[in-house]
Structures are given as structure tokens and as C-alpha cells.
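S.K.: Pasting a structure below so you can have a look.
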Amino acid sequence: MKLELYNFSQSTCSLKVRITLEEKGLEWEDKLLVSKNHDHLSDWYLKLNPNGVVPTLMSDGRPIIESSVIMQYLDQIAPEPALMPADPYDQATLRAWLVYVDLVTTPASRFPSFQFGGLRIKFQAMSQEEFDEKTRKRPVKSGFYKTMSKENGFPPEVMEAAFRDLRSTVARMDAMLEANGGPWLMGDQYTLADIAVAPLIDRNEDIGLEYLWEEKHPRVAEWLARIQARPAYQRAYYHGCRLSEIYPELGLGRGVHRHVLDPNASVSA
Ligand SMILES: N[C@@H](CCC(=O)N[C@@H](CS)C(=O)NCC(=O)O)C(=O)O
């Protein structure tokens, strides 16, 4: 089966799929798109993915979209090592977690990523007309971009809501690690539950928000170190795909942004 992945190097949704491909040891072709060139909004790509987002997996020439769907597809076509639990109840629990990560954690992570992580730089460089045009063009994301001002990013109340959702995610992860006994979210077995959320936690660490879990949820900090140590994870995270590497001029990294705009941050930088 020929597998090709349209993706951005830095995209957390793309990383979910890249980690899964690497864990499975599958051969795949990297069809890297460049977000700042808006490759993902071009007519040919919108025919493959009408949502105008990455990733899109081409499986023998047929497109599959939605990162959580792609991960589950890969687990079905390459059953070893199994990344879904065998028990149907556990599978249902895992799928509910994937929905939560897609609906709550992924959107919440976009706000600090754009605000602190350098993604705003490319919009600041645009004229207002160009910014409005790019915003309008997004098939499923124009609402998100409309809450952002070109110069100042997102208003404080929007950032506060995003941090609330990130704190809830981390608290849920801690509860899962405690209830299931670790070392992974579902217990003994490393699964798609871990892979789905890891790039989001990794992103927040990369932009200096690790205090969100390090202060009160050491289990989550240990889990992150454990997953980051996996060789497949490290292959997916090749050099140049973290925002701290893409925007070195911002001096991103652990501890740098904890004081900015997060009203609940109890540690000052
Ligand atoms: N639900 C989609 C979300 C995909 C998504 O939002 N991808 C981001 C990168 S992580 C993207 O393509 N953004 C392009 C844009 O904002 O224009 C999935 O999980 O595949």
C-alpha cells in the first residue's frame, strides 16, 4: 500500500500521524506543505481536503482526512504493534478521549501557539487587506482567525478560556494516569490516546507553558518525558519542527512565557 502524507513540519495534527506512522514502522512519502505559502489553501489541495487543513493521508491515491481518523485507519491497516486496546469498552473510552482532544485541547492550544509561538509574526507582516483575504479564504477556520487582531493577537478573555481548557486537559490526563496506574494514559499499553495529545503538550512545553502541569501534575511531566524518549517519537520530531527551532529569534523554551496573559499562572518568570 502506498502511503503519502500531506503535512506541515510543525503541525501538531500532522505530528499525531507522523508518530503513528513511525511507531508502526510503515514506509511513507513525506509531502511537506509550507503553511506560510498557503499551499493548503490552493485549489488542487482543497480537492483532497475540502477543510483546507493538514494532514491528509493518501492511501493508494485516495485521500483520508482528520488526524484522529487517519491514526485509527493506520492502526487497522498495520495492526502491529497494536495502538488500540483489545477490549471494546476500552476502545470506546479511547475514542471519547480522541474526540475531547480534537474538540477541546486542539483548539485551545492554537491560541497560545499563535500568541506566543511566532505564528502571529507572519500575519503581522501582511497588509490588513491581505490578512482579511487570508482569513476569509479558510474553509473551516475563519471564525478562529476573526477573533485575532493582526497587531495584537487575541483578546485576554479568549486567552483565559483557552488556558482553562488546557488546565482541564492536563487534569484529565493526570486522573487517567492515576486511575489506570500508568505508565500510559490507558494503563500498561501505549496507545493512540497518548499519541493524540502528546504533540499538544509538547507544543505547550516548547512555548514555555510547562508550568501548566509541572506544578500540580508531576505524573503528566513524567509521562511527557517518557513519550519524548521513544525513538519513533523522536523520528517524527526531526530537527526544525518545533516552534522554538522555527522562530529562534523569539527565544522560546521552558519557562519563558508563563507570566504573559495567563491570569492563573502562579509562578512568575
Ligand atoms: N480536525 C483537523 C484539524 C486540522 C488542523 O487544524 N490543522 C492545522 C495544523 S495543526 C492546519 O492545517 N492549519 C492551517 C490553517 O490554520 O490555515 C485534524 O485533526 O486533522
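S.K.: Between D60 and R95, take the C-beta separation as r, use R0 = 45 Å, and let me know the FRET efficiency to the nearest 0.05.
M.R.: 0.95
S.K.: Determine the sum of side-chain charges near K216: Lys and Arg each +1, Asp and Glu each -1, restricted to other residues whose C-beta is under 11 angstrom from that of K216. Don't skip to the end; give the middle numbers.
M.R.: Values: positive: R167, R219; negative: D174, E214, E215.
Around K216, the charge tally is -1.
S.K.: Same structure, new question: What accessible surface, in Å², does a 1.4 Å probe find on E66, ignoring ligands, DNA and RNA and rounding to the nearest 10?
M.R.: My reading of the accessible area for E66 is about 90 Å².
S.K.: Quick check: at a probe of 1.4 Å, how many percent of the accessible area of the chain sits on carbon and sulfur atoms?
M.R.: On the way: 6240 of 11980 Å².
On the chain, the fraction of accessible area on carbon and sulfur atoms equals 52 percent.
S.K.: Can you give me the relative contact order of the range 3-77 as a percent, contacts being Cα pairs under 8 Å and 6 or more apart?
M.R.: Once normalised by length, the contact order is 38 percent.
S.K.: Take the alpha carbon atoms of the range 115-177, find their center, do the same for the range 182-224, and report the distance between the two centers in whole angstrom.
M.R.: Here the answer is 22 Å between Cα centres.
S.K.: Another question, then. Quick one: accessible area per residue over the chain, 1.4 Å probe, rounded to a whole number of Å²? Walk me through the intermediate numbers first.
M.R.: On the way: 11980 Å² over 269 residues.
For the chain, the solvent-accessible area averages 45 Å² per residue.
S.K.: Around A229, with a cut-off of 15 angstrom between Cβ atoms, what is the net charge of the other residues, counting Lys and Arg +1 and Asp and Glu -1?
M.R.: -3
S.K.: How big is the gap, in Å, between the Cα center of the range 90-107 and the Cα center of the range 42-78?
M.R.: Cα centroid to Cα centroid, the span is 19 Å.
S.K.: Would you please give the FRET efficiency between D188 and S35, computed as 1/(1 + (r/R0)^6) with r the Cβ-Cβ distance and R0 = 45 Å, to the nearest 0.05?
M.R.: 0.75
S.K.: A further question on this structure: Add +1 for every Lys or Arg and -1 for every Asp or Glu among the other residues with Cβ under 10 Å from the Cβ of L83, and state the total.
M.R.: -3
S.K.: Let me ask something else. So for the chain, Kirkwood radius off the Cα pairs, Stokes-Einstein at 20 °C and 1.002 mPa s: how many µm² s⁻¹?
M.R.: Answer, rounded: 112 µm²/s.
S.K.: A further question follows. If you place +1 on the Cβ of every Lys and Arg and -1 on the Cβ of every Asp and Glu, how big does the dipole about the Cα centre of the range 21-148 come out, in debye to the nearest 20?
M.R.: Roughly 780 debye for the range 21-148.
The values are calculated or read from the model by the stated rules, or taken from the named source; none is laboratory data. Note that the structure is a prediction, hence the values are computed from the model and not measured. Glycine also receives a Cβ, built like all others from the backbone with ideal geometry; neighbour counts cover every protein chain displayed. For accessibility, only protein heavy atoms count, side chains too; no ligands or nucleic acids. Shrake-Rupley method; radii C 1.70, N 1.55, O 1.52, S 1.80 Å.
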